[in-house]
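This report refers to the structure that appears directly beneath it.
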Amino acid sequence: MELVKRGALIVYAKEKMLNWVNHLDTFANEPLNIEEINAEPTVFLIPEYEDEEIAFLYIEENKNIIFKNLLYEWNENEEINLDFSKENFYDWFDFLPTPIVNDLVNTNIIKETI
């Protein structure tokens, strides 16, 4: 096992995100509930940090990228015209930062540009 020199950000959808997803054509007939939408939360690697305040500053600096990525996970075919403000960011998502990331896999990490 190796310690990865990164922190992690686990993101959970809130009610506003759930409502947006359920208005997409894909889910119009069978809407999701909050447990279903959060069954597989997205995890972002972020810089190492010792103080959670530093982690949240980084998150806020990158909120547009994070916000857009989370929306495109559910709707990659349409243009998304939303207010990506800080207020909406925190209204749509809950965040759990963690400063420790361990790698249990004994192979190189493979990255793909998205």
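The values are calculated or read from the model by the stated rules, or taken from the named source; none is laboratory data. Remember, predicted model here, so these are calculated numbers, not experimental data. A quick note on method: Cβ atoms are made from the backbone with ideal geometry, for glycine too, and the neighbour counts reach across all protein chains shown.
Any residue in the stretch 21-29 that is touching a Leu at 6+ places or on another chain (Cβ under 6 Å) and among the charged types (D, E, K, R)? There is no residue in the stretch 21-29 that is touching a Leu at 6+ places or on another chain (Cβ under 6 Å) and among the charged types (D, E, K, R). Checking each residue in the stretch 83-113 for being within 17 Å of residue 69 (Cβ to Cβ) and free of Cβ contacts under 8 Å to residues at least 12 places away in the same chain picks out 83, 85, 90, 111, 112, 113. Contact map, the stretch 53-72: residues that are in contact (Cβ under 8 Å) with a residue 24 or more places away in the chain paired with residues that are assigned to a helix (DSSP H, G or I) and not β-branched (Val, Ile, Thr), Cβ distance under 6 Å, separation 6+ or inter-chain. Pairs shown: 63/89; 67/89. Taken over the stretch 13-66, residues that are aromatic (Phe, Trp, Tyr), at pLDDT 95 or above and under 13 Å from residue 89 (Cβ atoms) amount to 0. Among residues of the stretch 1-32 being surrounded by 13 or more Cβ atoms within 10 Å (Cβ to Cβ) and closer than 18 Å to residue 110 by Cα, the one that is farthest from the chain's Cα centre (by Cα) is 4.
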